[in-house]
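Following: one structure in structure tokens, then a few remarks.
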């Protein structure tokens, strides 16, 4: 199967999920007035009258904040989780990260706003700080699920460290890292919107908050569709990686 065909197949699966969402949305719109839940047709028919002229700027700003925050959290969480596993710090790191996980995001957002001010710094810091614990814990747990029988066999034959990495740790780590991308994106989108609610004057979160306050629900649902569509494209890309370049780590 070619790379293009695999991507199309992955995209088709994500499109099915998107259509299910639209179907549920259409059903809910039947029971509520348009100023509460506008139908997909109503949103499409009014496009683009409810969008600001600088919508592309807001979209780009949110994308940049999301990418930076998630990128930092992904790298730091993966490295910290791997280090915790190799140093036998799993229980301590998991306990510490679990404690960080229960901190209220809204409270942290206000603290970051006071410390960093209005702008991009607050959403980026919030995404990094609230996504990091989950990615770290997931990395530690993924490595802990390695093939212990294979590990014992490699040790018994005096295998080199490179063999442990190639045949034991990478097959456990690579699927975990791809899982981190999927999990992290879902968390990061929610957090970056909250950060833009609290400490920004631009971005999709700011637009969502403004539209919500003015009851411009067509705009609200359009922004949600944009976020969902971006997520589905990203997930299709992750699926493509797992079925092509990194296939051997999933179907060994």
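The values are calculated or read from the model by the stated rules, or taken from the named source; none is laboratory data. Owing to the predicted nature of the structure, the values given are computational and were not obtained by experimental measurement. All Cβ positions, glycine included, derive from the backbone under ideal geometry; neighbour counts span all protein chains shown.
This table checks each residue for (1) out of contact with any strand residue (DSSP E or B) (no Cβ under 6 Å at 6 or more places or on another chain); (2) surrounded by 21 or more Cβ atoms within 10 Å (Cβ to Cβ); (3) more than 29 Å from residue 236 (Cβ to Cβ).
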residue: 164; (1), (2), (3): yes, no, yes
residue: 168; (1), (2), (3): yes, no, yes
residue: 174; (1), (2), (3): yes, no, no
residue: 179; (1), (2), (3): yes, no, no
residue: 188; (1), (2), (3): yes, yes, no
residue: 192; (1), (2), (3): yes, yes, no
residue: 196; (1), (2), (3): yes, yes, no
residue: 204; (1), (2), (3): yes, yes, no
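Within the range 150-164, restricting attention to residues that are over 33 Å from the mean Cα position of the chain (by Cα) and in a helix (DSSP H, G or I), the residue that is farthest from residue 176 (Cα to Cα) is 156.
Exactly one residue among 131, 122 is surrounded by 21 or more Cβ atoms within 10 Å (Cβ to Cβ) and either closer than 12 Å to residue 199 by Cα or outside the structural domain of residue 205 (by TED's automatic domain parsing) (or both), and that residue is 122.
In the range 194-213, the residues that are on the phi > 0 side of the Ramachandran plot reach residues that are buried (at least 20 other Cβ atoms within 10 Å of the Cβ) and assigned to a helix (DSSP H, G or I) with C-beta atoms within less than 6 angstrom, at least six apart or across chains, in these pairs: 203/58; 203/61; 203/62; 203/196. Among the residues of this structure, residue 39 does not count as one that is in contact with a helix residue (DSSP H, G or I) (Cβ under 7 Å, 6 or more places away or on another chain), at pLDDT below 90 and surrounded by 15 or more Cβ atoms within 10 Å (Cβ to Cβ). Going residue by residue through the range 182-204, is there one that turns out to be part of a helix (DSSP H, G or I), farther than 20 Å from residue 62 by Cβ and touching a helix residue (DSSP H, G or I) at 6+ places or on another chain (Cβ under 9 Å)? There is no residue in the range 182-204 that is part of a helix (DSSP H, G or I), farther than 20 Å from residue 62 by Cβ and touching a helix residue (DSSP H, G or I) at 6+ places or on another chain (Cβ under 9 Å). Looking across the range 72-86 at every residue that is surrounded by fewer than 18 Cβ atoms within 10 Å (Cβ to Cβ) and in contact with a helix residue (DSSP H, G or I) (Cβ under 9 Å, 6 or more places away or on another chain), the one that is farthest from residue 124 (Cα to Cα) is identified as 86.
Is there a residue in the range 110-118 that is outside the structural domain of residue 243 (by TED's automatic domain parsing), loosely packed, with under 14 Cβ neighbours inside 10 Å and within 19 Å of residue 88 (Cβ to Cβ)? Checked against the condition, which is being outside the structural domain of residue 243 (by TED's automatic domain parsing), loosely packed, with under 14 Cβ neighbours inside 10 Å and within 19 Å of residue 88 (Cβ to Cβ), the range 110-118 yields no hits at all. Return a yes/no flag: does the range 210-224 have any residue that is surrounded by fewer than 20 Cβ atoms within 10 Å (Cβ to Cβ) and at pLDDT below 85. No, that holds for no residue. Residue 72 meets the conditions (1) in contact (Cβ under 8 Å) with a residue 40 or more places away in the chain; (2) under 13 Å from the mean Cα position of the chain (by Cα); (3) under 30 Å from residue 219 (Cα atoms) in every case but one. The failed one is (3).
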